[in-house]
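Accompanying notes for the structure given below.
What follows draws every value from the coordinates through simple rules; no lab data is involved. None of these values were measured; they are calculated from a predicted model. Reconstructed Cβ throughout: ideal geometry from the backbone, glycine too, with neighbour counts over all protein chains shown.
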Amino acid sequence: MRSALLLAIVLVLALAPLSAALAPGAAGQPSPIGVIDVSPAPGSVTPSTTPTLYVTYSDSGGDINYAAVYINQINFTGFTGYEFTSTSVTCPVPSILALKPGLQNASLVLGDGSGNSLNYTWNFTVNPNASISGQPIFSISAGKLLLYIGIATAVAGATFFAYIAYLKQTTRFAFRKYFATHPIQRSYLVLYIPCAAAFLFLLVGLSYVTGTPNLPAYSLDLVFIGAIFIALTAFGIDARTQLARNRAYERAFAQFLFEMSDAMRGGLDPAKAITELAKTQTNILQRPLRVASDGIRIGRPFEAVLRDMARGLKSPLISRYADLIAEATTVGGETAVVIHRAAKDMDDFVKIEEERSAQLTLPVAVIYIAFAVLVAVLVALLYIAPDLGTLNIGFLTSAANPLKGPTASSVPTLALSTLHERFFELTIINSLGTGAIIGAFTEGRARYGIVHSLGLVAATTVLFLFIFP
């Protein structure tokens, strides 16, 4: 009897762990919590170094009341944009903790009120040079888009030449005759055509960069910089050239008005004065004056000839004084006095503009110095960036986010490659803005600062490629 009792006690003690293991919800049994969908998907490649992790899940054993997200053993729970519900969690990676290119190990820890828990892990790859997919707007690669544009251009070209052939057969169309009466607008040569070429270059560059692995970190940025130079170089140079030409025309026109007033005081009428001055002028107005003289010889009135000449010089200041003189000659009276007074006013205005331009040299130099100081500060920050990993921000986050683990109390070492790219892009944007400010400040138009912008962009690119290759 006693031996049977001892045997029963031994059996009970031996089977107790097994019964506990087989009990519902016990350790070793599947958790009632299950993951439904994950983004970025396991094994996928994302071009973003700051992706947003989104996970949906379900729980048959209770309501989930705890969720923590880790990437490479760093707790990302509770940052700005973090959202947690009983069925999903959204966790954006902040820019200050941008992920380094390569394989990323992510994990999600879930828990509910019934004591059930789940630790789900997966991995994905960050590749900034990877093409973006899965979104309708990026579903066509740059290479295919370039091919479609080429086909459309070929079809449009064939249609255009077929139409020209039709016009030659029906109306005796000739390009020489057409362009004699319809000259090509300068804007097509310096802006529209370069912008189209820049767009094609951008497509080819993006296709190459996104399809070629192991390129330098700045490859994508250099493609955009190349497109900027192709699109704006001709326009910027033309704007500065046109400005210098206008200043030269204004100085020469003021001198022309002085000589014209002297000729009229000597007894010549305005039309005869233009004809005589056209024979002696050797400055920049030589050709416009000869055209005006030919117009007078064929019988055109002085007022129309003067206005046409001013319109061809494309200077608002010259057009203003040309209209004044044309009106004075129409009304009559002491026209020579009016022209002399206009010449004096215009000459004073030109001198004031030249003095103002000279005085603005120092402020422009100050803007350049401020830009250089900013670049120096950014370079210094990049050099000390590895030491930023010791910065403790736990006092800002621990109280507001109790779910953060101990690893969230300090900022890990920043991704230097990502930081270099972001500072480089910031400096390029600042270069473009600085040039526009110089143009608006000195000449009243941002387009006159394009040359400054391109110079600063080139200097910044060389600096960053040399210091942080």
Query raised in the report: Taking 0.36 nm per intervening residue step and subtracting the Cα-Cα distance, what contour gain separates Arg186 from Thr153 on full extension?
Result: 9.6 nm
Query raised in the report: In the calculated pair distance distribution of the stretch 33-126, what percentage of Cα-Cα distances lie above 20 Å?
Result: 31 percent
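Once you compute Rg and the Kirkwood Rh from C-alpha atoms, what is the Rg to Rh ratio for the stretch 269-330?
0.93
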Query raised in the report: Ranked highest first by the average count of other Cβ atoms within 10 Å around their residues, in what order do 417-425, 50-58, 448-456 fall?
Result: 448-456, 417-425, 50-58
Report summary line: Convex hull around the C-alpha positions of the stretch 243-356: the volume in Å³ per residue is 90 Å³
Requested in this report: Under 1.5 on a/c is rounded, so check that first for the stretch 157-270, then, if it is not, pick prolate when a/b is larger than b/c and oblate when it is not; a ≥ b ≥ c are the square roots of the alpha carbon gyration tensor eigenvalues.
Outcome: oblate
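So for the stretch 219-288, Kirkwood radius off the Cα pairs, Stokes-Einstein at 25 °C and 0.890 mPa s: how many µm² s⁻¹?
Here the translational diffusion coefficient equals 162 µm²/s.
Subtract the Cα-Cα distance of Lys100 and Ile384 from 0.36 nm times their separation in residues, and report this length gain in nm to one decimal. Intermediate values should be presented prior to the final figure.
Values: separation 284, 0.36 × 284 = 102.24 nm, distance 1.80 nm.
Between Lys100 and Ile384, full extension yields 100.4 nm more.
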